[in-house]
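Reading through the structure tokens given below for one structure.
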Amino acid sequence: MSRELHRFRAMDVDVVVYGADRRQVAAVERLFDEWSRVFSRFRPHSELALVNATPAPVVVVSPLFARVLRAALAAAASTDGLVDPTLGAALEAAGYDRDFAAVRPDDRPAGPPSPGRWRWVRLAGRILARPPRMRLDLNGVVKALAVDDALALLGGDGFVSAGGDVAARGGAVVGLPRGGSVRLESGGVATSGITHRQWVRGGAVQHHLVDPRTGRPAVSRWSEVTVVGPTCLDADVAAKAAFLLSDDGPDWLDQRGLAGRFLTRDVVVTNRVWRDFLPEAA
């Protein structure tokens, strides 16, 4: 196993790989490059952009697109629609209609709300059917699933981190927002929050975590939620759902046997599973 850390930039985040040889690192870089080309909302010729642009009610998508959309629909089902892949129009209405580095304060009011409609999406193999003008956004699962797939390319022990979302095998110490760490023997850690992605539209602060029940950026008690799960995808989906559930988030994670750590501006709150199984983590 390589003892070197390999870093590169992809999906607008820093990706770190440990435990890979040069061939495996190159394969991980190709994976992230391909996924960026397929799923970017801001590349006009990405497969996601082309699917969203076509007026055809039924389209044939690539095997990768179908697989990731299937994972996104499973995430929606497992969270009662809290993690919804049909919020592209809601993000655009809030002003997140370009690469985040290019988003600027805008005096215009936000566009109309666009609640989630994941139950209206039908996927049979590679055949996708959805209502006219529905705009998909698969970022709720893309990065975490890419991290899990990248770890599989390593073959042995190691870890892959993308923007702080981590998948590990064989042990890794993962730093936590606002200090502290947790040792991850195997599985995933993911953080979802609004600390780093906010902007102003129509005089109001907006962010990228849209509540599919309202079609607007969510109102939550938490600024960030970190979850430890069997995979990075499991952790990331649960972190988003727990954030959206606000005060009910810790109990929701307890019911699913997942460890969660919740931040507000002033305090750190952990759920029962976190306290029982991760006592050394602050």
Inter-residue pairs, beta-carbon under 6 Å, first of a type in the set (K, R) and in the stretch 219-235, second modelled with pLDDT under 95, 6+ apart: none
Among (1) assigned to a strand (DSSP E or B); (2) surrounded by 13 or more Cβ atoms within 10 Å (Cβ to Cβ) - the single one R213 does not satisfy: (1)
Criterion violated by V269 - all others in (1) under 26 Å from A146 (Cα atoms); (2) assigned to a strand (DSSP E or B); (3) open to solvent by 30 Å² or more (accessible area, probe 1.4 Å) satisfied: (1)
Index of the failed condition, G111 passing every other in (1) more than 21 Å from the chain's Cα centre (by Cα); (2) touching a residue at least 24 places away in the same chain (Cβ under 8 Å): (2)
Check on A56, part of a helix (DSSP H, G or I), of a type in the set (G, A, S) and over 16 Å from the mean Cα position of the chain (by Cα): no
Count - residues of the stretch 184-203 that are over 23 Å from D266 (Cβ atoms) and either assigned to a loop (DSSP other than H, G, I, E, B) or open to solvent by 60 Å² or more (accessible area, probe 1.4 Å) (or both): 4
Condition met for A90 (touching a residue at least 60 places away in the same chain (Cβ under 8 Å), surrounded by 13 or more Cβ atoms within 10 Å (Cβ to Cβ) and closer than 20 Å to S192 by Cβ): yes
Among residues of the stretch 237-266, those that are among the charged types (D, E, K, R) and open to solvent by 40 Å² or more (accessible area, probe 1.4 Å), counted: 6
Subset tally (residues that are surrounded by 15 or more Cβ atoms within 10 Å (Cβ to Cβ) and either outside any helix (DSSP H, G or I) or not small (G, A, S) (or both)) for the stretch 22-41: 11
Number of the exception - S181 against (1) surrounded by fewer than 23 Cβ atoms within 10 Å (Cβ to Cβ); (2) without any contact (Cβ under 8 Å) to a residue 60 or more places away in the chain: (2)
Complete set of residues in the stretch 118-133 that are without any contact (Cβ under 8 Å) to a residue 60 or more places away in the chain and buried (at least 19 other Cβ atoms within 10 Å of the Cβ): V121
Output for the stretch 17-58, where each listed residue is within 28 Å of L91 (Cα to Cα), of a type outside the set (D, E, K, R) and touching a residue at least 40 places away in the same chain (Cβ under 8 Å): L31, F32, W35, F39, F42, L48, V51, N52, P55, P57, V58
All positions within the stretch 135-157 that are open to solvent by less than 20 Å² (accessible area, probe 1.4 Å) and over 17 Å from V237 (Cα atoms): A150, L151, L154
Residues of the stretch 51-63 satisfying the condition of being exposed (fewer than 15 other Cβ atoms within 10 Å of the Cβ) and either hydrophobic (A, V, I, L, M, F, W, C) or on the phi > 0 side of the Ramachandran plot (or both): A53, A56, V58, V60
Qualifying position, being part of a helix (DSSP H, G or I), touching a Lys or Arg at 6+ places or on another chain (Cβ under 8 Å) and either at pLDDT below 95 or of a type in the set (F, W, Y) (or both), among W274, W252: W274
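The values are calculated or read from the model by the stated rules, or taken from the named source; none is laboratory data. All of these numbers come straight from a predicted model, not from anything done at the bench. With ideal geometry, Cβ positions are generated from the backbone for all residues, glycine too; neighbour counts draw on all protein chains shown. Heads up: the accessible areas ignore ligands, DNA and RNA and are worked out on the full protein's heavy atoms, side chains in. Shrake-Rupley method; radii C 1.70, N 1.55, O 1.52, S 1.80 Å.
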